[in-house]
Amino acid sequence: MLFLPLPALIAPAQLAPKPADLHGARLIGDKVITAENLRGYLTFIASDALQGRDTPSQGLDVAAEFLAFHLKKWGLKPGGDKGTFFQKIPMIKMGFDETKSSLTIAETAVKFGESFAIERGNGSATGDLVSITDDLGSADVKGKIVLLGPEVRDTVLPKVLEAGAVAVLRTSTNQSWWRRNAVQASRRAGWRMERTPTPEPPTAVPVVMLSPEASAQALLSVGKSVSVTVQAKIERIYTQNVVAIAEGSDPKLKSEFVAVGAHYDHVGTGGRGTDTIFNGADDDGSGTVAILSMAEAAVQARPKRSLLFVWHAGEEKGLQGSSYFVDTPTVPIGQIVAQLNIDMIGRSKPAGDTKPANKDLSGPNSIYVIGTTMMSTELGKLIHETNAKYLKLDYDPKYDAPDDPNRFFYRSDHFNYAKKGIPICFWFDGVHEDYHQVGDEVSKIDFNKMEKITRTVFLTAINIGNLPQRPKVDKPLNR
């Protein structure tokens, strides 16, 4: 007969740790939240293998799985859809099928991407080519394909379409203009959240742009037959927020939540030169791994309220993940008593740095706090008191005002929570020379600073979680 040690026979729920008092929470935070652990997590999250964590992308999905692996290992409760750590977000992209889009000028095929790019439209047309070099005037373009000269103003295009042109070719003589606008045309059809079902693209007059070489060919073919096909298409995919819950210890208050968030996406690839990956170590790899480390500590500390950890996708594309979460929350939105947002806490301004791009970067013991004066006097007071009693960081209030010309209060995920009436605080190290650049890499992170800020935010969350009453919102939100 096989005998197992006693702990192996006890269900995991029976081994749940007892709630820690504030002193115990400090000890837990100091043990779990370390510069070494933060470095290890960030080395993976901001690695080249994740290709800049664009939304959506395989790299972002891998980052989500990395987070979920640790959350499950530490015993956090899944807070996403259907018992998982993932809240699925439907994404849509309006684009064009390159394999089914074509252009033929006087029986000569023009190559997509190299010689023509699609501006808009959906359909096919064949007709004689008519050239317009200035304004439409009295030109008869009905049933014809119109060649617009490079000097023709954009206001002429609607007139041409209204006059019955079946397709439009826009010419260029400048190679840099062509490359710039062709790239912009391809990027215009980016991924976005699909809030409601989107109908198939309607038929519309094809409008394409020609390279200088193709433009010259078209000018020699005026009066000849041209055929153009633009095949629009809709692509759909899912990305995800990552959501986890560290359940509170109080039978009643555990149904309320202190939300702690960061965005785990960045801007992907595209840099010039040999390094083309925007690793996003500070933005916001630093916040991503900070709340990951906090999640491990929260399971052991167990404040009265539950802590809700949300890693938002799509922040770089207009706060999309946080917008989706607050509009379709996986916990009752009215039960979230506060939201603490960490977006860039890993960089420090070196002593003697005089670079203009780093003039507003905070120092090794300093961090900007935003939102403490904006919604809740009580929450603001608690945030400052927690810091004063613990690590005594230099909390810089420079941007903590509704009239901040940078409008940082409105530019990260916490703002979507604030719009729902949830008081917030936002920790931010300031814009620096590597903001949205390929140089935002792990080698430039100040992990000692990250450790201090993460421990402080953790204790702030614990203190909010143990309040007898939720922080009162006593100031109207200034939008």
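The values are calculated or read from the model by the stated rules, or taken from the named source; none is laboratory data. Not measured: the values here are computed from a predicted model. Quick reminder, even Gly has a Cβ in these numbers, built from the backbone with ideal geometry, and neighbours come from all protein chains shown.
Remarks
- The numbered conditions (1) modelled with pLDDT of 95 or more; (2) out of contact with any Lys or Arg (no Cβ under 8 Å at 6 or more places or on another chain); (3) outside any helix (DSSP H, G or I); (4) not polar (S, T, N, Q) are all true for residue 296 except (3).
- Qualifying residue in region 202-225 (condition: under 30 Å from residue 467 (Cα atoms), among the aliphatic types (A, V, I, L, M) and buried (at least 22 other Cβ atoms within 10 Å of the Cβ)): no
- Among the residues listed as 432, 436, the single one being touching a Lys or Arg at 6+ places or on another chain (Cβ under 7 Å), under 16 Å from residue 361 (Cβ atoms) and part of a loop (DSSP other than H, G, I, E, B): 432
- Positions within region 241-268 being out of contact with any strand residue (DSSP E or B) (no Cβ under 6 Å at 6 or more places or on another chain) and either more than 26 Å from residue 317 (Cα to Cα) or not assigned by TED's automatic domain parsing to the domain that holds residue 86 (or both), in sequence order: 249, 250, 251, 252, 253, 255
- Within region 142-167, considering residues that are in a loop (DSSP other than H, G, I, E, B) and either outside the structural domain of residue 222 (by TED's automatic domain parsing) or modelled with pLDDT of 95 or more (or both), the one surrounded by the most Cβ atoms within 10 Å (Cβ to Cβ): 165
- Residues considered: 63, 49, 35, 16. Of these, the only one that is of a type in the set (Gly, Ala, Ser) and at pLDDT below 95 is 16.
- Neighbours by Cβ (under 6 Å, 6+ apart or cross-chain): first from region 249-272, among the basic types (Lys, Arg); second surrounded by fewer than 20 Cβ atoms within 10 Å (Cβ to Cβ): 254/247
- Of the listed requirements (1) surrounded by 16 or more Cβ atoms within 10 Å (Cβ to Cβ); (2) of a type in the set (A, V, I, L, M); (3) in a loop (DSSP other than H, G, I, E, B), residue 244 misses just one: (3).
- The residues on offer are 479, 455, and the sole one that is out of contact with any Phe, Trp or Tyr (no Cβ under 7 Å at 6 or more places or on another chain) and outside the structural domain of residue 46 (by TED's automatic domain parsing) is 479.
- Looking only at region 423-479, residues that are crowded, with 20+ Cβ neighbours inside 10 Å and of a type in the set (Ser, Thr, Tyr) come to 3 in all.
- Qualifying residue in region 115-131 (condition: at pLDDT below 90, surrounded by 13 or more Cβ atoms within 10 Å (Cβ to Cβ), over 29 Å from the mean Cα position of the chain (by Cα) and in the same structural domain as residue 217 (by TED's automatic domain parsing)): no
- Test result for residue 110, in contact with a Gly (Cβ under 9 Å, 6 or more places away or on another chain), in contact (Cβ under 8 Å) with a residue 24 or more places away in the chain and farther than 30 Å from residue 300 by Cβ: no
- Applying the condition of being closer than 30 Å to residue 202 by Cβ and among the small types (Gly, Ala, Ser) to region 65-105 and asking which residue is surrounded by the most Cβ atoms within 10 Å (Cβ to Cβ) yields 101.
- Region 395-408 residues that are among the small types (Gly, Ala, Ser), paired with ones that are surrounded by 17 or more Cβ atoms within 10 Å (Cβ to Cβ) (beta carbon under 9 Å, 6 or more apart): 401/370; 401/374; 401/409
- When region 299-337 is limited to residues that are without any contact (Cβ under 8 Å) to a residue 60 or more places away in the chain and part of a helix (DSSP H, G or I), the one that is nearest to residue 461 (Cα to Cα) turns out to be 334.
- Whichever residue in region 367-411 is closer than 27 Å to residue 469 by Cα and among the charged types (D, E, K, R) and, among such residues, is surrounded by the most Cβ atoms within 10 Å (Cβ to Cβ): 400
- Here residue 245 meets each of (1) at pLDDT below 95; (2) under 30 Å from residue 468 (Cα atoms); (3) β-branched (Val, Ile, Thr) with one exception, condition (1).
- Scan of region 338-365 for residues that are out of contact with any His (no Cβ under 6 Å at 6 or more places or on another chain) and surrounded by 22 or more Cβ atoms within 10 Å (Cβ to Cβ), ordered by number: 338, 340, 342, 343, 344, 345, 346, 348, 362
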